Amino acid sequence: MSQSLLDQLALRDLLMRYCRGCDRRDFILVRSLYHDDAIDDHGAMFRGGPDDFVAWLPQAMAPWQATRHSIANSLFVVDGDRAEGEHHVEAWHRSHGPEPRDYIVYGRYLDRYERRDSVWKFSHRSLVFDHGLIRDADQAAMDQLGADAPHGRADREDPSWAYALLAGAAR
């Protein structure tokens with residue numbers, strides 16, 4: 001396999017770990033994906049280094065009973081130990097409460113990556129908003145469609161935490 005493909009696989013894995021870390025509230029995992037001098041730029045919501053970003057995340061995620069970040073249309077351009085990427089993201093958020101609402105953001109991540117000590121991590125990550133919508137959650141559909149399966153959770157009670165390798169993804 002060519003080095004270019006290996007690099008792209010490593011970068012894709014980085015993105016998937018970011019999504020898991022956010023959605024499962026595994027902020028140790030999220031922090032492990034950034035170089036110490038990286039910048040995360042979520043616009044007016046947050047702009048700063050990785051330690052401050054991870055300290056901000058619990059507050060930013062508190063209004064949501066569940067989130068799901070999905071990545072599509074990923075493009076990586078690799079140049080040695082540097083790379084850039086553009087990735088379409090659908091970030092779904094469900095609010096708490098007796099009448100929850102779904103907030104769906106359609107946007108893109110624009111990333112810069114660096115490979116240091118043979119490991120790819122974010123050196124700069126920014127969020128671009130393209131479109132969004134807010135709608136009432138369909139609780140009757142959730143009850144009907146999810147009646148026979150375990151339900152996902154945004155904490156360590158999620159079924160995925162029972163999988164030791166996934167639970168240790170930050171290592």
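Taken one residue at a time, the phi angles of the range 73-87 give Karplus couplings (6.51, -1.76, 1.60, θ = phi - 60°) of 6, 7, 10, 10, 10, 10, 9, x, 9, 10, 8, 10, x, 10, 9 Hz. Gly and Pro are set to x. Mean sequence separation of contacting Cα pairs (under 8 Å, at least six apart), scaled by the length of the range 1-143, corresponds to a relative contact order of 21 percent. Normalising the average separation of contacting C-alpha pairs (under 8 angstrom, six or more residues apart) by the number of residues puts the relative contact order of the range 74-119 at 38 percent.
Over the range 66-171, Cα pairs under 8 Å with separation of 6+ residues give a relative contact order of 20 percent.
Taking the Cα centre of the range 115-171 as origin and assigning +1 to Lys and Arg Cβ atoms and -1 to Asp and Glu Cβ atoms, the resulting dipole is close to 660 debye.
Of the whole protein surface, Asp136 contributes about 110 Å² of accessible area at a 1.4 Å probe radius. Positive-end ranking of Val30, Gly85, Pro98 along the dipole of the chain, with charges on Cβ about the Cα centre, is headed by Val30. Using just its DSSP H runs of length 4 or more, each adding -39500 (n - 2.57), the chain gives a mean residue ellipticity at 222 nm of -8500 deg cm²/dmol after division by all residues.
The 1.4 Å probe gives accessible areas that order Tyr103, Tyr163, largest first, as Tyr163, Tyr103. Think of each Lys and Arg Cβ as +1 and each Asp and Glu Cβ as -1; about the Cα centre, that makes the dipole of the chain roughly 220 debye. Using a probe of 1.4 Å, the accessible surface attributed to Asp148 totals some 150 Å² when neighbouring protein chains are kept in position. Ordering of 50-60, 8-18 by packing is 8-18, 50-60, highest average first (other Cβ atoms within 10 Å, averaged per residue).
Per-residue accessible area (protein heavy atoms, 1.4 Å probe) orders Ile71, Ile134, Ile28, Ile104 as Ile28, Ile134, Ile71, Ile104, starting from the largest. Between the range 92-161 and the range 27-60, the alpha-carbon centres lie 16 Å apart. Within the assembled protein chains, the solvent-accessible surface assigned to Arg125 is about 0 Å², based on a 1.4 Å probe. Taking Cα atoms only, the orientation of helix 50-61 departs from the longest principal axis of the chain by about 10 degrees.
The values are calculated or read from the model by the stated rules, or taken from the named source; none is laboratory data. Worth saying up front: this structure is predicted, and the values here are computed from it rather than measured. Glycine also receives a Cβ, built like all others from the backbone with ideal geometry; neighbour counts cover every protein chain displayed. These accessible areas exclude ligands, DNA and RNA; they are computed on the full protein's heavy atoms, side chains included. Shrake-Rupley method; radii C 1.70, N 1.55, O 1.52, S 1.80 Å.
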